[in-house]
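Pasting a structure here, questions to come.
The values are calculated or read from the model by the stated rules, or taken from the named source; none is laboratory data. Bear in mind the structure is a predicted one, so any value in this text is a computation, not a measurement. Please note: Cβ atoms are built from the backbone with ideal geometry, for glycine as well, and neighbour counts cover all protein chains shown.
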Amino acid sequence: MLTALVLDNPVYFQLLSNINKNLETLYSDGVIKAFKLKFQNWDLNSFSSTVVELYFAAVFKKRGYSIQFEPELPNGQRSEFLAKKGDITCYVEEKTIHREKTQKERWVSDELIDKLDNIDEPFALSIEITDHMEKKDADDIVKYIRERLREEQSITNSFKFIYEKGGVGLAEITAERLLPDEKGYVSGFLYPGLMTIDWSDLRNKISRKISQLHPDYPGILVIHPLTIDIDLYDIFNALFGDLAVSLKDNKNPVRLQNRILKRNKNSRISAIIIHRKKTNINGYDIENIVIFNRYADKPLPRDFLDFTSNEFKTLEQYNEELLEIEKQKQNLIQTLCHYGIEKKANYYKANGWQVKANIDKWIKPDPINGFTPDIVAIKENKTLIIQINTCLTLLDRMAQESNLKSYAQRAPNTKFLHLIVDLDKTIKTEKKFNNKYLGSFN
């Protein structure tokens, strides 16, 4: 809570506003008493879990459900809350995933900051931590960094070095030289971009929460990834089974049986809600994907929540949105690519080149090593092979571009040109495109 109160960030402004609104919504249900100690917890992960629990209790309350916090279960445990409306009584449990990983990263970064802040060596340090870093490595890394900085006192600009243990890189450090009389400090941290938690471990973490769902009533399990903008791939593998290649049909992947949702297993789960945040310029958007368990002992009606807004969507709605987004993306790619080919083909034709282009109403170029170039332009004894890419497909045609470039390097009087069409329909060389988005490199 202190972090949210102190930091000047739209995400925290929105977070505090939502907490306030949800507390007001649930005031008559005894929310202050139920959540007082939870909001006093020092751990940031537990705080995030509490915020999600509060959010869902308010969601059900606004939908006309009465709320009871921490109802007792037949096994003596307590659920997060129950929601009741008419014939529906459902128990709700929240599970924060990737908890251990983020706790470790936060502990390591805090430890390094504490020991490397205000050091005598005048360097600003940016530290990239890998998945192999453990808490026990922090002291050794600090000693190694201090030693390297003392050894490199004569360096006047920045330099990079890696801390390894047993041949495995644990951290990459970039040291930026400061003025001689300045104290050194940690300027920032980078963490691994992907959550590498094992799918079977994720399945076990989710399964352990199922015992806190009532056996005689519908149960809802809320899965809450701590990381904003997280990919859902790992979660879907845990719920529906790992994706694998079929021996009978290698074109279509299949789901294996190691999953949470299947017949005669985990039937207390009536629905799973994946709750995640997606950042925007003013804070974040909330997206809840509701997965109905068709093998549930106590099914929930399909309208137990409001699926007419963007805040809640069924898995079917989510998949339809993905298909529509992909369709729009492919249409845009086709439009940009056609535009780039046509514009460049007309340009070279107008300048006296004999042009073939791989679009309608043009004579198509002959294939080269099995690949058909986008444009082949010939003038006198010069040949120009042009490939048109888009900003959305930079990785999709690398094999084709590499093959045609190699051919052009071997062929006499032949040049290969790779051009990229941006979203604003400007056409750039690969170098100019990279300079715009990545900055120039020496």
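Take the residues in region 65-77 that are at pLDDT 95 or above and not polar (S, T, N, Q), then tell me which one is nearest to residue 306 (Cα to Cα). Working first, answer last.
Taking region 65-77 as the starting set, the residues that turn out to be at pLDDT 95 or above are 65-69.
Right, trim to not polar (S, T, N, Q) and you get 65, 67, 69.
Numbers: 65: 13, 67: 17, 69: 22 Å.
Among those residues, the one meeting the criterion is 65.
Considering region 178-205 alone, what residues qualify as being modelled with pLDDT of 75 or more and surrounded by 19 or more Cβ atoms within 10 Å (Cβ to Cβ)?
The answer is 184, 186.
Moving on. Which condition number does residue 85 fail, the rest of (1) modelled with pLDDT of 95 or more; (2) out of contact with any Cys (no Cβ under 6 Å at 6 or more places or on another chain); (3) buried (at least 18 other Cβ atoms within 10 Å of the Cβ) being met?
(3)
Please find, within region 407-422, the residue that is farthest from residue 389 (Cα to Cα) out of those that are surrounded by 14 or more Cβ atoms within 10 Å (Cβ to Cβ) and of a type in the set (A, V, I, L, M).
408
Then there is this: Would you point out the residue of region 301-356, among those that are surrounded by fewer than 13 Cβ atoms within 10 Å (Cβ to Cβ) and aliphatic (A, V, I, L, M), that is modelled with the highest pLDDT?
The extreme case among them is 350.
Same structure, new question: Do we have any residue at all in region 36-55 that's charged (D, E, K, R) and either under 22 Å from residue 271 (Cβ atoms) or in a helix (DSSP H, G or I) (or both)?
Yes, that holds for at least one residue.
Related question: Failed condition for residue 81, given (1) farther than 18 Å from residue 283 by Cα; (2) touching a residue at least 60 places away in the same chain (Cβ under 8 Å), with all others met?
Condition (2) is where residue 81 drops out.
Residues are listed down the side, and each one gets a yes or a no for (1) more than 18 Å from residue 339 (Cβ to Cβ); (2) without any contact (Cβ under 8 Å) to a residue 12 or more places away in the chain; (3) not assigned by TED's automatic domain parsing to the domain that holds residue 342:
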site	(1), (2), (3)
383	yes, no, no
387	no, no, no
392	no, no, no
396	no, yes, no
404	yes, no, no
407	yes, no, no
428	no, yes, no
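May I pose another question? I need the full set of residues from region 301-329 which are in a loop (DSSP other than H, G, I, E, B) and under 25 Å from residue 10 (Cβ atoms), in order please.
Result: 309, 310, 311.
Identify, please: which residue in region 360-369 is touching a residue at least 12 places away in the same chain (Cβ under 8 Å) and within 17 Å of residue 397 (Cα to Cα) and is, among those, surrounded by the most Cβ atoms within 10 Å (Cβ to Cβ)?
Top of the filtered list is 368.
Can you tell me which of (1) hydroxyl-bearing (Ser, Thr, Tyr); (2) touching a strand residue (DSSP E or B) at 6+ places or on another chain (Cβ under 7 Å); (3) modelled with pLDDT of 90 or more is the one residue 429 doesn't meet?
(3)
Could you tell me which numbered condition residue 384 fails, if it satisfies all but one of (1) touching a Cys at 6+ places or on another chain (Cβ under 7 Å); (2) closer than 21 Å to residue 357 by Cα?
The one condition residue 384 does not meet is (1).
Next question, about the same structure. In region 369-427, what residues are under 23 Å from residue 329 (Cα atoms) and in a helix (DSSP H, G or I)?
398, 399, 400, 401 - these are the residues of region 369-427 that are under 23 Å from residue 329 (Cα atoms) and in a helix (DSSP H, G or I).
Please determine, by comparing only the residues of region 373-423 that are hydroxyl-bearing (Ser, Thr, Tyr) and touching a helix residue (DSSP H, G or I) at 6+ places or on another chain (Cβ under 9 Å), which one is modelled with the lowest pLDDT. Spell out how you get there, then give the answer.
Looking only at region 373-423, we keep the residues that are hydroxyl-bearing (Ser, Thr, Tyr), and these are 383, 390, 393, 402, 406-407, 414.
Pick out the ones that are also touching a helix residue (DSSP H, G or I) at 6+ places or on another chain (Cβ under 9 Å) and you get 383, 390, 393, 414.
On the way: 383: 95, 390: 92, 393: 84, 414: 94.
Taking the candidates together, the pick is 393.
Would you check which residues across region 257-300 are surrounded by 20 or more Cβ atoms within 10 Å (Cβ to Cβ), among the aliphatic types (A, V, I, L, M) and assigned to a loop (DSSP other than H, G, I, E, B) and list them?
Correct list: 260 only.
A follow-up question, please. Given the condition modelled with pLDDT of 85 or more, surrounded by 18 or more Cβ atoms within 10 Å (Cβ to Cβ) and of a type in the set (Val, Ile, Thr), answer yes or no: does some residue in region 234-248 qualify?
No; the residues of region 234-248 include none that is modelled with pLDDT of 85 or more, surrounded by 18 or more Cβ atoms within 10 Å (Cβ to Cβ) and of a type in the set (Val, Ile, Thr).
Does residue 281 satisfy being of a type in the set (Val, Ile, Thr), touching a Leu at 6+ places or on another chain (Cβ under 9 Å) and on the phi < 0 side of the Ramachandran plot? Steps first, please.
On the way: of a type in the set (Val, Ile, Thr): yes; touching a Leu at 6+ places or on another chain (Cβ under 9 Å): no; on the phi < 0 side of the Ramachandran plot: yes.
So residue 281 fails the test.
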